[in-house]
Each structure stands twice: as C-alpha cells, then as structure tokens.
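A short reminder: the numbers here are calculations on the coordinates, not readings from a lab. Given the structure is predicted, the values throughout are model-derived calculations rather than measurements. Don't worry about glycine lacking a Cβ; one is built from the backbone with ideal geometry, like all the others, and counts go over all protein chains shown.
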Amino acid sequence: MNIAASNADAADYVAAQQIAAGALPAAGTPWLDASRDKAKVILADVGLPTTRLEDWKYTNTRSITRTKFDPVLRSESWSETAVIEQLKVPELKSHRLVFADGIFVSELSSDADLPRGVRVMSMAQLLQSEPEYLKSALGSALPESPHGFTAMNSSFISDGAFVEIGAEVMLDKPIELLFVSACSGKDRLGLPRNLVLCRSGSSATVVERYLSATKSRSLTNVVTEVVLDDSASLNHYRVVDESADSFHVGGLFVQQDQSSRLDACSVVVGGGLVRNDVLVNLNAPGAAVDLTGLYLGRGRSHIDNHTHVVHHTPDGTSREHYKGILDDRSRAVFHGRITVESGAQQTDSEQSNHNLLLSRDAEVDTKPQLEIYADDVKCAHGVTVGQLDDKAVFYLRARGVGEDEARKMLTLAFAADVLAKIEQPALKGYLERCVSDLLSSITHTS
Amino acid sequence: MLSVTNLDVAVNGGMILNELNLEVQAGEVHAIMGPNGSGKSTFANVLAGHPGYEVTAGSVIYEGQDLLQMDPEERARRGVFLAFQYPVEIPGVSNVYLLKAAVNEIRKHRGESELDAVKFLKLVREKLKLVDMKEEFLHRAINEGFSGGEKKRNEIFQMAMLEPKLAILDETDSGLDIDALKVVAQGVNELRDSSRSIVMVTHYQRLLDYIVPDYVHVLAGGRVVKSGGKELALELEEHGYGWIEGQTAELLETRA
C-alpha cells in the first residue's frame with residue numbers, strides 16, 4: 001500500500017532523528033525538544049508525500065525516497081575557498097553567510113560591518129546562546145498541516161541563517177545566504193532552517209542561493225520562515241541552481257502584519273527535482289505581497305512550484321506572476337492558490353502563469369485555484385502554455401539573425417519581464433547570465 | 001539584380017502564384033499592383049524566404065545566385081529586405097538590440113568588423129531623422145504598442161539602417177494617413193540610388209504619387225498580366241481592377 005510505503009520511507013529519518021535528537025543544538029531546552037518531537041511524530045504519521053496526495057499529484061518523490069539520505073547535522077570542516085570563489089556573484093556586494101550541506105561555515109562568511117540593529121548569524125549559534133529568543137518566532141509561520149519534508153526539517157532544526165532587521169533600519173546591502181550542497185560525499189541531506197524577522201518599518205534584501213559543490217547526488221530540504229512586522233518591507237530572492245543529480249525541497253512561509261510588503265522572486269535554473277512551497281499569510285489590513293517566479297527546465301528536470309496566498313483581512317494586495325521555459329523532456333508543475341477569507345473585503349489579487357515549451361517532450365501541469373469567501377474583491381488570473389511565435393522567428397530571421405539566435409532572443413524576451421523587476425544590478429546581471437547560459441545549450445530547431 | 005522565372009507557389013495545397021515572371025535591374029523601382037488575393041503579398045514573402053510557402057516550380061535568381069536555396073537570414077545578409085505588411089510585435093526585445101544584431105550579422109557576412117558603440121549610435125541618429133522618429137523609440141520593444149503608422153515607419157527605419165540592395169515593400173502604405181505616408185515615402189526616396197532596387201507591393205495607386213516607379217506590373221490570378229510604365233497605375237486607377245480581370249479572361253481564352 002502506498003500510505004504504508006510512505007511511512008516506511010519516513011521511518012529511516014524518524015530513526016535518525018531519534019538517534020541525533022540529544023546532540024542537536026540546544027537539546028534539553030524544553031520547548032525546543034517538544035517542538036522537534038512533535039514534528040517527528042507528524043513525520044512518522046504523515047510520511048513522505050506520494051502522488052496520492054492532491055498537492056503532490058504531479059510530483060513523484062520516488063526518485064528521492066528510493067535513496068536513504070544521510071542528514072548532515074554538524075560541521076564537517078568543509079572550507080573550499082576555491083569553490084566559493086567560483087560560486088560568488090561577481091560584483092555583488094553583500095553580507096554573506098555560507099552554509100555547507102546546511103551547516104554554517106564561519107571562515108567563508110563575511111558578516112562584518114553590519115549596522116546597528118541588524119543581526120545575521122548562524123541559527124545553531126543563536127540556539128546555543130539564546131534559545132529563548134527564538135521561542136515565539138521559530139515555527140510561527142509554518143503551515144498548519146505541514147507535509148512530511150517540512151516536518152522532517154522541523155524535527156531536526158540544527159543550523160541555518162538567523163536574520164533580524166531592527167525597527168526602522170534600512171539595510172541597503174543585501175544579505176546573501178549561500179547554501180552549498182553535495183560538499184562532502186554522496187547522498188548527503190542538508191536541512192537548513194532559516195528565520196528572517198523584519199521589525200516594524202525596516203527594509204532589507206535577502207538572497208538565498210542554492211548551489212552544488214560537486215555533481216554528487218544530494219538532497220536539500222530547507223525551510224525559511226519570514227515574519228514581517230507592521231510597515232516592514234523585504235525583497236526576498238531564492239535562486240536554485242543545483243546539479244542535475246540534486247533534489248531540492250524548499251519552503252518559504254511568511255506572516256505579514258499591517259502595511260508590510262514582501263517582494264519575493266524565485267528563480268530555478270538547475271536541479272534534478274525541485275519542489276518549492278510558498279505560503280504567505282496577509283494577517284492585517286494593507287499588507288501587500290508580490291511573488292514572481294521563473295523556472296527553466298531542461299534534460300529530465302522536474303520543477304514544481306506550489307504557492308498559497310491567504311488574505312485574512314481587508315485591503316490586502318497580492319500579485320503573482322510565474323513564468324516557465326521548458327526544454328527537452330523537462331516537466332513543470334504550477335499550483336497557485338489564493339484564498340480570500342470572508343473578512344477580507346477590498347482584496348486586490350492578480351495571478352498569472354505563462355509557460356513556453358521549447359520541445360515536444362516538455363510538459364507542464366498548471367492549476368490556478370481561487371477560493372473566495374468575501375463579496376467585494378478584485379481577483380484575476382490567467383494561465384497560458386505555448387510555443388515560440390513562428391511569425392516573430394521569421395521576422396528576426398528576415399533581418400539577418402540566424403534561426404538559433406532568433407529563438408534564443410525570443411526565449412530570453414519571454415523571461416525579460418520577470419528579470420526586469422530585479423532591482424540589484426549585480427543580481428540581475430547574474431540571473432540574466434544564468435538564463436542565457438542555459439539557453440545557449442538550446443540548439444535544436446524543433 | 002533579380003530574375004524571377006515561371007514561379008509557381010502553393011500554400012496548403014492551393015496554387016497562389018502561377019508562372020510568375022519578373023526582371024528587376026539595379027537601381028530600378030518596380031510597383032506590383034493587383035486586387036486582393038492576387039498573390040502580391042505571397043510574392044513578397046516568398047522572396048524573403050517565408051517558410052509557410054512552397055515553391056513548386058520556377059526559379060528566382062538574385063545577383064547570379066539561386067535565392068530559393070537560401071535561408072531567410074542568408075537572404076537578409078546578402079541584402080534582401082522585406083518591409084512587412086504586418087510587422088510583428090516582439091515584447092522583451094528592444095528595437096536597438098535587434099538593429100545592432102542585424103547590422104552586425106550583415107557586416108560579418110561581408111567580412112567587416114562589428115560597428116563600435118559610437119559609430120553605431122551615430123548611424124542610428126542619422127537614420128532616425130530620415131523617418132522623423134525620436135531616440136527614445138530605440139529602447140521600446142519591437143513594435144509593441146506601436147500605432148499602425150509607427151510600425152510602418154519602423155520598417156523603413158530598419159531598411160535605412162540595413163541599406164539593402166533589394167528592398168521589398170509589402171503594402172507599406174496600408175493603414176497610413178497622408179502625413180505618415182509622406183514621411184515613409186520620403187524615407188524610401190532618400191534610399192533610391194543606382195545600386196539599389198525596390199519592389200513595392202501595393203493595392204492603391206496613392207503610394208505611387210509619392211514614390212514614382214519606373215515600372216508597374218499588374219498581378220491577377222497569381223501571374224503578371226500586364227506591365228508598363230508609371231502611367232499604367234493611372235489607367236488602373238481610372239478603370240479599376242475589373243478592367244484588368246476582363247482583359248485577363250480574354251487572354252486566357254485566347255491561349256486556350
């Protein structure tokens with residue numbers, strides 16, 4: 001039976017957690033022990049998701065569950081400066097924290113000269129030094145019924161990034177969190193757990209990047225929680241560019257207070273199987289969220305974006321625009337759910353998902369889902385799946401541009417509006433290069 | 001320059017051009033007129049290499065080479081330019097980006113080095129004046145949100161930038177008001193010289209008041225049924241296409 005099988009898949013991780021629990025950072029802290037234990041029970045109970053679950057209908061986790069990944073829970077003294085140099089974004093000036101298989105690497109990080117009121121540090125260190133500081137915030141943005149991977153992450157909470165932007169602080173320089181997977185050995189499991197607290201009236205940029213050090217098979221299971229107090233604003237970027245043999249399950253869970261603003265941009269350019277869950281709760285009037293996404297599939301990659309925006313209160317604004325470019329035999333899933341609760345009058349919501357298929361064998365399953373319980377709202381959504389416009393290809397060729405180049409130009413143009421929204425020039429340049437490098441491998445003319 | 005012999009073209013199995021013949025020498029301006037559905041636009045598109053049309057017989061020799069064997073981009077690089085009847089909108093690609101790519105592809109083909117930014121900009125500014133367009137227009141996406149007149153002006157601007165040897169204007173006058181028509185015509189006239197040939201496809205005689213052709217050909221049923229000087233266009237204006245269609249019917253009967 002599938003259900004039983006999913007529990008069996010989880011059993012290895014439940015067992016590993018039981019062995020590791022006593023040695024995890026700040027073990028012995030009652031609320032934390034209880035929290036990890038509760039997550040472990042959920043993991044044992046719900047198991048790892050299978051295609052029987054509606055939310056996983058199009059994403060088969062067999063490729064993940066057939067391997068028993070080995071959780072990395074403490075430092076293994078990985079410090080490959082050369083690798084980090086290679087993975088850096090040229091010209092991006094940032095406060096940078098580096099994590100190897102989910103564990104903070106102090107020697108590779110540059111978190112000096114942070115302004116007053118800003119804390120950027122290792123979650124493990126904070127757990128050890130001031131666990132009580134995290135008590136109310138850690139886990140506060142998680143979904144009510146997390147899936148098995150999220151529960152797994154919560155059961156192991158060990159390291160990751162802790163970011164706090166103090167009230168009224170305007171931080172110009174981005175905070176860059178660089179997560180390097182497949183650092184040491186094969187079949188390692190990184191479990192970063194991040195918490196970003198934006199105090200009232202603050203403003204900051206956080207960039208999460210996920211990259212592979214080697215081509216070894218690996219699994220990254222990350223959870224990032226974001227809490228935006230009133231009038232806080234955050235630009236959040238998540239870039240997944242791991243190797244074709246990597247698996248990535250990521251969650252971004254957000255609580256937004258009055259008049260706060262989140263601009264979150266997700267870019268997936270590499271990875272064997274990538275699943276991103278986004279949950280944004282607009283908890284007070286005037287909160288606004290803008291989600292943009294770009295995913296590029298090639299080879300046999302599988303990219304699944306599940307987003308859910310919940311308008312709990314009036315006068316909220318949500319925008320969501322995801323675009324996908326799929327080549328070869330790649331496959332993508334988009335599920336964009338918007339819930340407007342009965343009290344959330346005057347909600348203004350827009351959602352779109354556009355997909356460009358460059359190959360006959362590429363496939364996308366896209367599903368917008370609006371659940372509206374209020375009667376005075378503005379909600380719009382649209383979905384398209386298409387191919388390059390032959391008329392446009394001919395137009396460019398008739399001006400002397402070669403066919404491959406014309407197709408590449410039009411494909412880049414399709415992604416242009418997502419990239420245009422990125423304000424940091426260095427980051428924008430980096431992502432444009434990611435996209436155009438990927439496209440230069442497109443040579444067929446279908 | 002261009003020699004079209006007994007050209008037959010089909011699309012989706014239907015015959016559109018039927019034994020079409022045309023000779024164009026360097027420096028000449030030819031107008032091709034005809035009623036709707038006579039095959040004018042098909043002919044223009046076939047010359048540019050549109051993949052939607054199938055050439056079933058005949059030949060097109062351009063500067064001594066078989067044009068039909070060339071990809072559209074190669075034709076463009078060798079100096080063939082089609083000003084589209086319906087220029088396509090391409091969001092996300094700016095005018096200047098395409099122009100730079102196009103100019104450099106053509107230069108590369110000729111064995112010339114790429115234009116540096118300063119020279120390119122100088123050239124762009126000079127040609128923008130020709131069609132009375134502002135510089136900010138360069139940074140807009142290709143034809144996106146352009147009015148009909150702006151689209152046609154953009155085609156002529158591109159033509160001026162690329163300096164083709166054989167320019168084909170497909171209904172460049174359609175959808176233009178008289179002021180825009182004058183601007184476009186002036187742009188084309190500036191480009192007239194002894195080494196450049198122009199083939200204008202048009203439904204109306206009006207355009208020919210501003211760009212005076214050396215020859216006029218009337219297309220009906222996919223073939224040239226009458227050729228003459230510029231005065232032929234005036235005759236057509238007076239009698240309408242019915243006059244030609246009547247003559248064609250007689251012609252076909254005589255042949256049979």
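From the Cα gyration tensor of chain A, with a ≥ b ≥ c the square roots of its eigenvalues, which class applies: rounded if a/c is under 1.5, or else prolate if a/b is larger than b/c, or else oblate? Note, shape of chain A comes out rounded. Projecting label points 7 angstrom from Cα along Cα→Cβ for B:T56 and A:D45 puts them 7.3 nm apart. Taking a ≥ b ≥ c as the square roots of the eigenvalues of the Cα gyration tensor of the range A:383-422, is the shape rounded (a/c under 1.5), prolate (a/b larger than b/c) or oblate? Oblate. Centre-to-centre separation between the Cα atoms of the range B:209-224 and those of the range A:368-405: 40 Å. The long axis of helix B:241-255 is offset from the longest Cα principal axis of chain B by roughly 50 degrees.
Shielding value for A:406-417 is 3, the average number of Cβ atoms from other chains within 10 Å of each residue's Cβ.
Dipole magnitude of the range B:1-85 about its Cα centre, charges +1 at Lys/Arg Cβ and -1 at Asp/Glu Cβ only, in debye to the nearest 20? Roughly 220 debye, rounded to the nearest 20. Charge dipole (Cα centre; +1 on Lys/Arg Cβ, -1 on Asp/Glu Cβ; no other charges) of chain A amounts to roughly 1040 debye.
Across the range A:377-387, computed HN-Hα scalar couplings (Karplus, 6.51 cos²θ - 1.76 cosθ + 1.60, θ = phi - 60°) run 9, 10, 10, 10, 8, x, 9, 9, 9, x, 10 Hz from first to last residue, x flagging Gly and Pro. Label-to-label distance for A:S440 and A:E168 is 4.9 nm, based on points extended 7 Å past Cα in the beta-carbon direction.
For chain A, a Gaussian network of Cα nodes joined below 10 Å ranks A:D315, A:D245, A:D365 by mean-square fluctuation, and the top entry is A:D365. A simple packing score, the average count of other Cβ atoms within 10 Å per residue, orders the peptides A:114-124, A:231-241 as A:231-241, A:114-124, with the highest score first.
In the protein assembly as shown, helices alone account for a calculated mean residue ellipticity at 222 nm of -9000 deg cm²/dmol, with every DSSP H run of four or more residues adding -39,500 (n - 2.57).
Taking other residues whose beta carbon is less than 9 angstrom from the beta carbon of A:A415, and scoring Lys, Arg as +1 and Asp, Glu as -1, yields -1. For A:Q18 and A:S106, the FRET efficiency from 1/(1 + (r/R0)^6), where r spans their Cβ atoms and R0 equals 35 Å, is about 0.75.
From the Cα gyration tensor of the range A:24-136, with a ≥ b ≥ c the square roots of its eigenvalues, which class applies: rounded if a/c is under 1.5, or else prolate if a/b is larger than b/c, or else oblate? Note, shape of the range A:24-136 comes out oblate. A simple charge model with +1 on the Cβ of Lys and Arg, -1 on the Cβ of Asp and Glu and nothing else charged puts the dipole of the range A:388-446 at about 80 debye relative to its Cα centre. When the Gaussian network model of chain A links Cα atoms closer than 10 Å, the mean-square fluctuations of A:V333, A:V180, A:V89 top out at A:V89. The value of relative contact order for the range B:2-255, using C-alpha pairs under 8 Å at least six residues apart, is 28 percent.
The range A:167-189 and the range A:236-304 have their alpha-carbon centroids 15 Å apart. Can you grab the distance from the C-alpha centre of the range A:144-163 to the C-alpha centre of the range A:39-115, Å, no decimals? Spelled out, the Cα-based centre of one part sits 11 Å from the other. Each of B:A141, B:A48, B:L123 was placed along the dipole of chain B (beta-carbon charges, centred on the mean Cα), and the one lying farthest toward the positive end is B:L123. Remark on A:V268: its backbone amide H falls under 5 Å from those of A:V240, A:L294, A:Y295, A:L296, a criterion applied only to residues 5 or more positions apart or on other chains, H modelled at 1.01 Å from N.
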